[in-house]
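**Q** Just dropping this structure here.
Every read-out reported here was derived from the displayed coordinates using simple, explicitly stated rules and does not represent laboratory data. Because the structure is predicted, anything quoted here is derived from the model rather than measured. For neighbour counting, all protein chains shown are included, and Cβ atoms are generated from backbone atoms with ideal geometry for every residue, glycine included.
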Amino acid sequence: MCARSLESIRGDFPLIASHPLAYLDNAATTQKPAAVLKAMEEYYEKSNANPFRGVYELSEEATTAYEHARSVVADFIHAKRSEEIVFTRNASESLNLVAYSYGRKMLKPGDEIVVSVMEHHSNFLPWKMVAEETGATLVALNPNPDGEITKESLSVIGPKTKLVAITQVSNVFGRPNDIAAITSLAHQYGAVVVVDGAQSVPHMPVDVQALDADFLAFSGHKMFAPMGIGVLYGRMELLEAMPPFMRGGEMIEIVHWDRVTYAPVPHKFEAGTVNAGGAVALAAAMEYMKSIGWDTIMKQEEALTRRAVEGLLAIPHVRLVGSEDPSMHQGIVTFLVEGVHPHDIASILDSKQIAVRAGHHCAWPLMDYLGIHSTCRASFAVYNTMEEVDRFLEAVAGLRTAMGLPD
Amino acid sequence: MAERTFYNEILTDHNLHPQHKKKIENPDYVLEGVNPSCGDDIFLSLRLSGDTIVDVGFEGDGCAISQASADMMAELVMGKTIAEAEHYMDLFYRMIKNEASEEEIEELEEASVLQDISHMPARVKCAVLGWHTLEEMLNKHKA
């Protein structure tokens, strides 16, 4: 297969191709390629019926499409079996599923839950809830100011640790964490590791077996799929031992007034009518990414990130959050401009047709830990261009002047 | 495409050199206002003599819009009666909803530079932070 040109890739995204905006908020959500939109439309035009319900052919087709999507996802993250893939709404729901179903059942007073302070609220609040409800203790895993989890900091993982909640790539630092080292240590103590893959799965090859992850959560909408479809990967024996998260239709085996048994994994965790169109579109997004190839995706994101990091460092009064080494940013660059509030930065950039995120990025504990209130973040996808990064840098360079401050 | 920004000199000047960002003497009321969308907060203090606002000041950190808007508000309501302050409040709220007439907007003096905030729904909360805090304070006073 010959490599796709960056220009033609950009043309795959109707919103990007038709909008003057430099869209640099891809860590929040990505735009959708025509192939994904078409896959969803085709599902509803040609294969739609309620999966698993009907004995008629169309329902079988819907079931086949949905289960095929599951196997595409399993393949994409190298799961051993497609039954280890549970479809959810998003990474938040996946993480809540593990917290409600595994955490509340398996943890006891005296147990420790190790949570990194760089977690998104969705991999922090569920564990705080589990700690409060079970009497387990939350233990903080602290990165250094470069956003690195050092070997020494991992000493908080010990005999009392029953669960470790860690993001593979922080949505603020953008720095990849060494998940394999963390699972290897945690497993020595019999703890399970819950990995937030929301910022990693869209941007780098992830192999759950190589990482030896027990759970991995991610969202479709951050990787070119529609909103409302997400994934929980879980190790089969763990999923089998867990009670259902939600109860309702199509997650049962037998239901009588006095006797209920549940469907096998993964259906036990997919109560109610599923988002088959979303699952099909997620599979199409993964196929789309495969058709471009990781080489092209990663090379372009790396080049954009390097230009942004080096460019920002060259602007006076700009400070990066996390490492100054571009290779330590997986497409995410978070920064501050002395004297200019991040919300003003985002508004001024917006007036120049540049979309960046401002705020606490749903990582308030990390902001507290770093002693900052809020930040600005630019995040890239394969369809972004060097010209967009340059426009962004030029706008950032003019911020202090625009706010009446000396250069 | 035209740039739609109101980060002009009036606004940046109120942000960088606020006249009312200070503690005031013997305040009758001090109230914290929080913007839940970003966590920014201000502490507004007020001293009354009868029905007249004789001193007003604010402290805290926030974006240029929230800081400048609070400073412009303080300048407007200083020396005015509660009823007059409430009149400005009503005008300001209507201006940022794009519902005020030209003449009404003019009454708001420098605070009128914030009229374009109606095009930026995400920043409305920043602009009204000071005003909402003042409103809450005056309601407390009247209760």
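**Q** Identify the chymotrypsin sites (Phe, Trp or Tyr not before Pro) of the stretch A:186-264 meeting these criteria: DSSP loop state and at most 10 other C-beta atoms within 10 Å of the C-beta. Show your work: numbers first, answer last.
**A** Details: sites: A:Y189, A:F215, A:F218, A:F224, A:Y233, A:F245, A:W257, A:Y262; in loops: A:Y189, A:F224, A:F245, A:W257.
Answer by residue number: A:W257.
**Q** Rank B:L46, B:L31, B:L129 by mean-square fluctuation in a GNM of chain B with C-alpha springs under 10 angstrom and give only the top-ranked residue.
**A** Its mean-square fluctuation being the largest, the pick is B:L31.
**Q** For the stretch A:20-67, what is the Kirkwood hydrodynamic radius in Å, using each pair of distinct C-alpha atoms?
**A** Details: mean 1/r = 0.0784 Å⁻¹.
When all Cα pairs of the stretch A:20-67 are included, the Kirkwood radius is 12.8 Å.
**Q** Apply the Karplus parameterisation 6.51 cos²θ - 1.76 cosθ + 1.60, with θ equal to phi minus 60°, to every residue of the stretch B:40-48 and state each ³J(HN,Hα) to the nearest whole Hz, in sequence, with x for glycine and proline.
**A** Along the stretch B:40-48, the couplings run 5, 9, 10, 10, 9, 10, 9, 10, 10 Hz.
**Q** For a test of the definition: using alpha carbon positions, the gyration tensor, and the 1.5 limit on a/c, classify the stretch A:255-378 as rounded, prolate or oblate. All intermediate terms of the calculation are to be shown ahead of the outcome.
**A** On the way: a/c = 2.81, a/b = 1.84, b/c = 1.53.
The shape class here is prolate.
**Q** Can you work out the Karplus-derived ³J(HN,Hα) for every residue in the stretch A:353-369? Use 6.51 cos²θ - 1.76 cosθ + 1.60 with θ = phi - 60°, whole Hz, and x for glycine or proline.
**A** 3J(HN,Hα) across the stretch A:353-369, in whole Hz: 6, 10, 9, 10, 9, 10, x, 8, 6, 6, 9, 4, x, 5, 4, 4, 4.
**Q** For a quick check: with amide H placed at 1.01 Å from N, whose amide H comes under 5 Å from A:I315's, ignoring anything fewer than 5 positions away on the same chain?
**A** Those qualifying (amide H under 5 Å, at least 5 residues apart or on another chain) number zero.
**Q** Per-residue counts of other Cβ atoms within 10 Å, averaged by peptide: what ranking do you get for A:382-389, B:117-124, highest first?
**A** Details: A:382-389: 19.8, B:117-124: 17.2.
Those peptides, ordered most packed to least, come out A:382-389, B:117-124.
**Q** Follow-up. Name the chymotrypsin sites (Phe, Trp or Tyr not before Pro) in the stretch A:24-120 that are in a loop by DSSP and that have at most 13 other C-beta atoms within 10 Å, would you? All intermediate terms of the calculation are to be shown ahead of the outcome.
**A** Numbers: sites: A:Y43, A:Y44, A:F52, A:Y56, A:Y66, A:F76, A:F87, A:Y100, A:Y102; in loops: A:F52, A:Y56.
Those satisfying the criteria are A:Y56.
**Q** Using only Cα atoms, figure out Rg for chain A and give it as a multiple of 2.2 N^0.38 Å. If you can, show how the numbers build up before the last one.
**A** Details: Rg = 21.9 Å, N = 407, 2.2 N^0.38 = 21.6 Å.
Rg over 2.2 N^0.38 Å, computed on Cα atoms: 1.02.
**Q** Let me ask something additional. Compute the FRET efficiency between A:K290 and A:R53 as 1/(1 + (r/R0)^6), taking r as their Cβ-Cβ distance and R0 = 41 Å, and round to the nearest 0.05. Before the final figure, lay out the partial values.
**A** Working: r = 31 Å, r/R0 = 0.76.
Using R0 = 41 Å, I get an efficiency of 0.85.
**Q** What nm distance separates the two modelled labels at A:D146 and A:D207, each placed 7 Å from Cα along Cα→Cβ?
**A** Those two pseudo-labels are separated by 2.6 nm.
**Q** Could you calculate the FRET efficiency of B:L31 with B:D90 from 1/(1 + (r/R0)^6), where r is the beta carbon distance between them and R0 is 25 Å, rounded to 0.05? Kindly include the intermediate steps, with their values, before the conclusion.
**A** On the way: r = 20 Å, r/R0 = 0.78.
Efficiency, rounded to the nearest 0.05: 0.80.
**Q** Looking only at the protein assembly as shown, where both bridge partners belong to it, what percent of the DSSP beta bridges are antiparallel (to the nearest 5)?
**A** Values: 42 of 62 bridges.
About 70 percent, rounded to the nearest 5.
**Q** Contact order normalised by length for chain A, with contacts defined as Cα pairs under 8 Å and 6 or more residues apart; what percent is it?
**A** Working: 811 pairs, mean separation 86.2, N = 407.
For chain A, the relative contact order is 21 percent.
**Q** Using 0.36 nm per residue, how much length does the chain from A:D368 to A:A34 gain when fully extended, once their Cα-Cα distance is taken away? If you can, show how the numbers build up before the last one.
**A** Details: separation 334, 0.36 × 334 = 120.24 nm, distance 4.07 nm.
Net length gain for the segment: 116.2 nm.
**Q** Given labels modelled 7 Å from the Cα in the Cβ direction, how far is it in nm from A:E253 to B:E106?
**A** 8.0 nm
**Q** Here is a follow-up. I need the GluC sites (Glu not before Pro) found in the stretch A:271-337, filtered to DSSP loop residues with at most 13 other beta carbons within 10 Å of theirs. Please report the intermediate quantities before stating the final value.
**A** Working: sites: A:E287, A:E301, A:E302, A:E310, A:E324; in loops: A:E324.
Sparse-neighbourhood loop GluC sites (Glu not before Pro): A:E324.
**Q** Ordered by residue, what ³J(HN,Hα) values in Hz, to whole numbers, does the stretch A:145-158 give under the Karplus form 6.51 cos²θ - 1.76 cosθ + 1.60, where θ = phi - 60° and Gly and Pro are x?
**A** Per-residue couplings from phi come out as x, 7, x, 8, 8, 7, 4, 4, 5, 6, 5, 6, 7, x Hz.
**Q** From the gyration tensor of the Cα coordinates in the stretch A:14-118, what semi-axes in whole Å does the equivalent ellipsoid have, largest first, with each one equal to sqrt(5λ)? Can you show the working numbers first?
**A** Working: eigenvalues 203, 136, 27 Å².
Taking √(5λ) for each Cα gyration eigenvalue gives 32, 26, 12 Å.
**Q** For the stretch B:2-142, just say rounded, prolate or oblate: build the C-alpha gyration tensor, square-root its eigenvalues into a ≥ b ≥ c, call rounded for a/c under 1.5, and beyond that prolate if a/b exceeds b/c, oblate if not. Could the numbers behind the result be given before it?
**A** Details: a/c = 1.69, a/b = 1.35, b/c = 1.25.
Prolate.
**Q** Taking each residue of A:340-352 in turn, how many C-beta atoms of other protein chains fall within 10 Å of its C-beta, and what is the average?
**A** Values: counts 4, 11, 2, 13, 12, 1, 3, 12, 4, 0, 6, 10, 3.
For peptide A:340-352, the averaged partner shielding equals 6.
**Q** Same structure, new question: Hey, in the GNM for chain A with a 10 angstrom Cα cutoff, which one of A:H120, A:H329, A:H256 fluctuates hardest?
**A** A:H256
**Q** Here's something else I'd like to know. Which pairs, out of A:K268/A:K299; A:K162/A:K268; B:K23/B:K142; A:K80/A:K160; A:K160/A:K222; A:K222/B:K125, put more than 31 Å between their alpha-carbon atoms? Present the calculation step by step, with values, prior to reporting the outcome.
**A** On the way: A:K268/A:K299 40 Å; A:K162/A:K268 24 Å; B:K23/B:K142 23 Å; A:K80/A:K160 29 Å; A:K160/A:K222 35 Å; A:K222/B:K125 28 Å.
Check vs 31 Å cut-off fails for A:K268/A:K299; A:K160/A:K222.
**Q** Round to the nearest 0.05 the FRET efficiency obtained for A:L138 and B:A83 when R0 = 41 Å and r is the Cβ-Cβ distance. Mind dumping the intermediate values first?
**A** On the way: r = 52 Å, r/R0 = 1.26.
FRET efficiency, A:L138 to B:A83: 0.20.
**Q** Take every residue in peptide A:369-382, count the Cβ atoms of other chains within 10 Å of its Cβ, and give the average of those counts.
**A** Values: counts 0, 0, 0, 0, 5, 4, 0, 0, 0, 0, 0, 0, 0, 0.
Mean shielding count: 1.
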